[in-house]
Amino acid sequence: MEPNLLIISKFEIYSILRSRLITQDRCIKIDGKKFYFLPRLYDSFFKNFERSFTNELVYLQIQKIKMYYFDSQDLVREIVFNEITDLFFDIKEKTISIKINGYLYKLFTPINKSHEKFQLFKLNDAAFSSITIDHNPTFISYVEINKENLKVFWEISNFINSKRLTKFSKKNRDKIIEEIEKRNWREALWEELAFICKTQTLELVDKKFNKKIS
């Protein structure tokens with residue numbers, strides 16, 4: 001192994017991905033109506049019960065996240081996080097490599113929707129600040145396609161819109177949780193969260209790929 005390469009813990013990368021996914025609140029517009037996805041809220045809400053949104057469902061999402069590398073023929077290949085066993089950090093280049101069948105391959109992140117352009121996957125003191133987690137298809141398309149399976153999310157979004165909540169402080173999260181309990185949505189919300197985490201396709205991309213969160 002090259003002297004400038006260090007073995008990096010898979011759990012370290014997992015922890016960064018986990019942190020991103022449970023803090024990445026999203027708001028999109030469909031037919032002029034705002035739809036909210038608020039993992040901070042779900043994380044705090046289900047901590048009070050036997051089930052854990054983060055440990056049971058976000059875990060599933062992370063295992064399926066797509067990453068990209070180039071093979072010996074310079075063709076782009078994809079691999080999901082769960083299939084990666086060995087990760088290496090290049091001290092000089094700040095890049096990440098994976099080992100497949102005894103060979104090292106550097107990870108890359110796409111910078112456009114067509115996946116024609118890629119940049120090296122870099123890790124620095126700010127974790128991987130130039131990399132984001134993208135929804136493929138986009139989160140808007142995903143919600144449109146699966147709206148029949150996301151009825152409670154729409155109800156919660158309608159409540160948020162009716163109360164004109166725009167910032168999700170603890171006080172506002174508590175208001176939403178109170179409504180969830182009042183309407184007996186807890187079980188249905190869990191089922192819809194499970195549906196999302198099992199059916200969504202996520203990938204690591206460069207921030208240039210997705211300047212506007214959607």
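The values are calculated or read from the model by the stated rules, or taken from the named source; none is laboratory data. Quick caveat: nothing in here was measured; it's all calculated off a predicted structure. FYI the Cβ positions are ideal-geometry reconstructions off the backbone, even for glycines, and counts take in every protein chain you see. All accessible areas refer to the heavy atoms of the entire protein, side chains included, with ligands and DNA or RNA removed. Shrake-Rupley method; radii C 1.70, N 1.55, O 1.52, S 1.80 Å.
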**OP:** Provide a single number: the residues in region 108-162 that are β-branched (Val, Ile, Thr) and more than 28 Å from Lys34 (Cβ to Cβ).
**Re:** 2
Original post:
Which condition number in (1) within 16 Å of Pro39 (Cβ to Cβ); (2) crowded, with 16+ Cβ neighbours inside 10 Å; (3) at pLDDT below 95 is the one that Lys198 fails?
Top reply: (2)
Original post:
Being modelled with pLDDT of 95 or more, closer than 20 Å to Leu57 by Cα, over 16 Å from the mean Cα position of the chain (by Cα) and of a type outside the set (Ser, Thr, Tyr), is that true of even one residue in region 156-163?
Top reply: yes
Subject >> Unique residue being surrounded by 15 or more Cβ atoms within 10 Å (Cβ to Cβ), touching a helix residue (DSSP H, G or I) at 6+ places or on another chain (Cβ under 8 Å) and at pLDDT 95 or above when the list is Tyr14, Tyr36 >> reply: Tyr36
Subject >> Output for region 1-28, where each listed residue is over 19 Å from the mean Cα position of the chain (by Cα) and of a type outside the set (A, V, I, L, M, F, W, C) >> reply: Glu2, Pro3, Asn4, Ser9
Original post:
Which of the residues that make up region 69-88 are crowded, with 18+ Cβ neighbours inside 10 Å and aromatic (Phe, Trp, Tyr)?
Top reply: Tyr69, Phe81, Phe88
**OP:** Name the residue, out of Lys117, Lys64, that is under 22 Å from Gln24 (Cβ atoms) and either modelled with pLDDT of 90 or more or within 20 Å of the chain's Cα centre (by Cα) (or both).
**Re:** Lys64
Original post:
Scanning for something small (Gly, Ala, Ser), buried (at least 18 other Cβ atoms within 10 Å of the Cβ) and farther than 23 Å from Val76 by Cβ, does region 151-158 turn up at least one residue?
Top reply: yes
Original post:
Out of region 97-131, which residues are open to solvent by less than 30 Å² (accessible area, probe 1.4 Å), assigned to a strand (DSSP E or B) and not small (Gly, Ala, Ser)?
Top reply: Ile98, Leu107, Thr109, Pro110, Ile131
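Please work out if Phe168 is assigned to a helix (DSSP H, G or I) and either touching a residue at least 12 places away in the same chain (Cβ under 8 Å) or crowded, with 17+ Cβ neighbours inside 10 Å (or both).
no
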**OP:** Answer yes or no as to whether Val143 is farther than 30 Å from Lys92 by Cβ, among the aliphatic types (A, V, I, L, M), out of contact with any strand residue (DSSP E or B) (no Cβ under 9 Å at 6 or more places or on another chain) and open to solvent by less than 80 Å² (accessible area, probe 1.4 Å).
**Re:** no
Original post:
Which of the residues belonging to region 2-17 are outside any loop (DSSP other than H, G, I, E, B) and in contact (Cβ under 8 Å) with a residue 40 or more places away in the chain?
Top reply: Leu5, Leu6, Ile7, Ile8, Lys10, Ile13, Tyr14, Ile16, Leu17
Original post:
In the list Lys66, Lys47, Lys94, which residue meets the criterion of being open to solvent by 10 Å² or more (accessible area, probe 1.4 Å) and touching a Lys or Arg at 6+ places or on another chain (Cβ under 7 Å)?
Top reply: Lys94
